[in-house]
1. When B:197, A:5 are ordered from fewest to most other Cβ atoms inside 10 Å of their Cβ, what list results?
2. Mind sorting B:203, A:30 by how few other Cβ atoms lie within 10 Å of their own Cβ, fewest first?
3. How far, in degrees from 0 to 90, does helix A:38-47 lean away from the longest principal axis of the Cα atoms of chain A, to the nearest 10?
4. Determine which residues of the range A:113-133 fall in the zone a paramagnetic label at residue A:19 would reach in this model, i.e. backbone nitrogen under 20 Å from the point 7 Å along Cα→Cβ.
5. Compute the angle between helix A:104-115 and the longest alpha-carbon principal axis of chain A, please, reported from 0 to 90 degrees and rounded to the nearest 10.
6. For the range A:3-150, state the semi-axes of the equivalent ellipsoid (square roots of 5 times the eigenvalues of the alpha-carbon gyration tensor), sorted largest first and rounded to whole angstrom.
7. Whole angstrom only: what separates the Cα centroid of the range B:58-123 from the Cα centroid of the range A:1-35?
8. How many nm is it between the label spots at residue B:103 and residue B:161, if each spot is 7 Å from the Cα in line with the beta carbon?
Ligand code: SF4
């Protein structure tokens with residue numbers, strides 16, 4: 001499966017909000033889409049393109065914008081597919097993928113708490129790696145490494 | 001001992017004295033067999049035990065027996081919590097294996113904090129695990145001690161300024177002995193336990 005085939009299949013299935021389909025090293029193609037069309041796009045990618053497995057969800061802070069990406073695996077085509085969307089720098093948010101791929105649940109929790117990307121309609125957007133009440137998104141560029149004394153986190157006694 | 005000599009001495013051979021002239025421990029000659037060394041050890045043990053017992057009897061007469069007795073028993077049977085936080089836990093585990101055998105100091109790891117009087121913090125403490133660590137510490141019965149094992153538990157180590165790491169476990173619980181190293185070797189961990197025993201003796205009673 002290459003970029004042309006991915007593009008043809010997406011067009012054939014009437015996928016909304018596709019901005020570009022390019023070749024990308026290590027994956028069949030990199031599909032950039034508009035975040036507004038995430039909700040109808042995800043089931044099409046899963047069913048029409050045949051990518052039932054979501055390997056990971058990640059976020060990147062590019063300072064002037066955020067990017068969220070989804071790495072998918074196809075058992076039949078034996079290849080990866082990269083979906084990515086650019087998000088607003090002020091309030092980055094996108095529809096959750098966890099109703100399409102349940103494995104997105106924890107990956108989105110992680111992308112939320114470390115990079116600060118909001119996932120709308122996520123069933124359980126809680127802290128995953130950090131304690132409850134941790135008020136930072138440490139993988140954002142604006143986050144400064146703290147002197148230990150400054151990093152005040154309250155220890156919750158059970 | 002050369003290969004020509006027998007390993008087991010004849011039964012009629014007289015045993016070497018336990019304590020040499022002038023109260024010095026005897027210098028073992030090269031032809032002393034292992035059986036003789038074991039016998040010598042037990043002979044040296046008896047005077048030491050007698051001395052310890054007479055000290056106890058004296059303290060009982062003075063009415064100060066129970067606390068020293070508990071102190072003596074407690075510091076020679078430290079039960080650390082059996083857990084592992086990070087890479088230092090590998091050295092912790094090795095210290096209880098056959099090569100270093102920490103149990104010869106009476107140190108036996110227990111899996112329940114209710115049975116422990118020593119918490120060896122053997123690894124990186126993250127903020128996520130911090131309140132669980134405090135809960136475990138609070139579940140341990142008094143008297144209890146804490147050893148910070150390795151640079152991470154002592155002051156955050158290589159992750160001191162990281163966003164997720166507690167910069168030293170003494171921010172959470174009181175620490176009695178710090179062991180430096182990344183990771184400390186099992187000998188260092190055993191040394192730390194022996195230091196803690198000294199500390200308990202100094203503080204005790
Ligand atoms: S002190 Fe070194 S070996 Fe020990 S837990 Fe920290 S990083 Fe690992």
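1. A:5, B:197
2. B:203, A:30
3. Here the helix axis deviates by roughly 50 degrees.
4. Label zone hits: A:115-120.
5. With both axes taken from Cα atoms, the answer is about 50 degrees.
6. 29, 16, 14
7. Cα centroid to Cα centroid, the span is 62 Å.
8. Result: 4.6 nm between the two label points.
Read the figures in this text as sums done on the coordinates, not as results from a lab. Note that this is a predicted model, so its numbers are computed, not measured. Cβ coordinates were reconstructed from backbone atoms using ideal geometry, including for glycine residues, and neighbour counts include every protein chain displayed.
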